[in-house]
Amino acid sequence: MHAIQDTEQKIRLLKEIIKLDASMYNVYNTLAYEYWYIKRDLDQAEQYFKEYLQHHPNNYQTLSDLVFLYIDYKEWRLALKILKETLSVRPETWKDFDRDPRIEPLREEKPNEYEDALNIGRMHPSE
């Protein structure tokens, strides 16, 4: 897929793959990235991340991506909600979030709520 430069062609092919075999869950994430980074379409990106999560509800990476998608679109409440879910899945990663520069807009916009979310991870002993 990475060799295909035409975004519309790539999206058509990915959707065809889903029609042929809906169990190829990583296709949903690939579609989400295309809609998010290339087309800048929050609704479609969110839809495909959520479809992936229907099959793998505790997938840390997809949950993290959804946090950053919501931050990118200034959906603070949703970003915080999914951040809490993500830290419930992998509490030890709170430091990774805290060091990631993409989290900064959320930290600046909702500092108290952000710290409360990180406490989910901080309360668990490091592994």
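Listing for the model above:
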{"item": "Vicinal HN-Hα couplings computed from phi for the stretch 78-88 (Karplus, 6.51 cos²θ - 1.76 cosθ + 1.60; Hz; Gly/Pro x)", "result": "5, 4, 5, 4, 6, 4, 4, 4, 4, 6, 5"}
{"item": "Heavy-atom accessible surface of the stretch 4-127: percent carbon and sulfur, 1.4 Å", "result": "48"}
{"item": "The stretch 1-117: relative contact order as a whole-number percent, Cα under 8 Å and 6+ apart", "result": "16"}
{"item": "Cα gyration tensor category, rounded, prolate or oblate, for the stretch 13-69 with a/c compared to 1.5", "result": "oblate"}
{"item": "With Cα atoms, 0 to 90° folded angle of helix 60-72 axis to the chain main axis", "result": "90"}
{"item": "Total charge dipole magnitude, the chain, about the Cα centre, Cβ charges on Lys, Arg, Asp, Glu only, Debye to nearest 20", "result": "120"}
{"item": "Karplus-derived 3J(HN,Hα), 6.51/-1.76/1.60, for each residue of the stretch 29-41, Hz, glycine and proline x", "result": "5, 4, 4, 4, 5, 4, 5, 6, 7, 8, 8, 6, 10"}
{"item": "Zero-based 10 Å bins, Cα pair distances in the stretch 62-101, whole percents", "result": "33, 60, 7"}
{"item": "Two-site label geometry, D6 and E92: point separation in nm, points 7 Å out along Cα→Cβ", "result": "4.6"}
{"item": "Over 25 Å (Cα to Cα) - which of K19/K39; K39/K74; K10/K84; K74/K95; K10/K74; K39/K110 fall in this group", "result": "K10/K84; K10/K74; K39/K110"}
{"item": "Cα-based equivalent ellipsoid of the chain: semi-axis lengths in Å, sorted from largest, via gyration tensor", "result": "29, 16, 11"}
{"item": "Candidates L13, L87, L106: whichever shows maximal mean-square fluctuation once the chain is modelled as a Gaussian network with Cα springs under 10 Å", "result": "L13"}
{"item": "Per-peptide average of other Cβ atoms within 10 Å, ordering 24-34, 61-71 highest first", "result": "61-71, 24-34"}
{"item": "Backbone HN-Hα couplings from phi across the stretch 102-119 [Karplus 6.51/-1.76/1.60, Hz, Gly and Pro as x]", "result": "5, 7, 3, x, 5, 4, 6, 6, 9, x, 5, 5, 4, 4, 4, 5, 5, 4"}
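The values are calculated or read from the model by the stated rules, or taken from the named source; none is laboratory data. Note that the structure is predicted; figures quoted are calculated from it, not measured. Here Cβ is always computed from backbone atoms with ideal geometry, including for glycine, and neighbour counts include all displayed protein chains. Side chains are part of the model used for accessible areas, which takes the heavy atoms of the whole protein and leaves out ligands, DNA and RNA. Shrake-Rupley method; radii C 1.70, N 1.55, O 1.52, S 1.80 Å.
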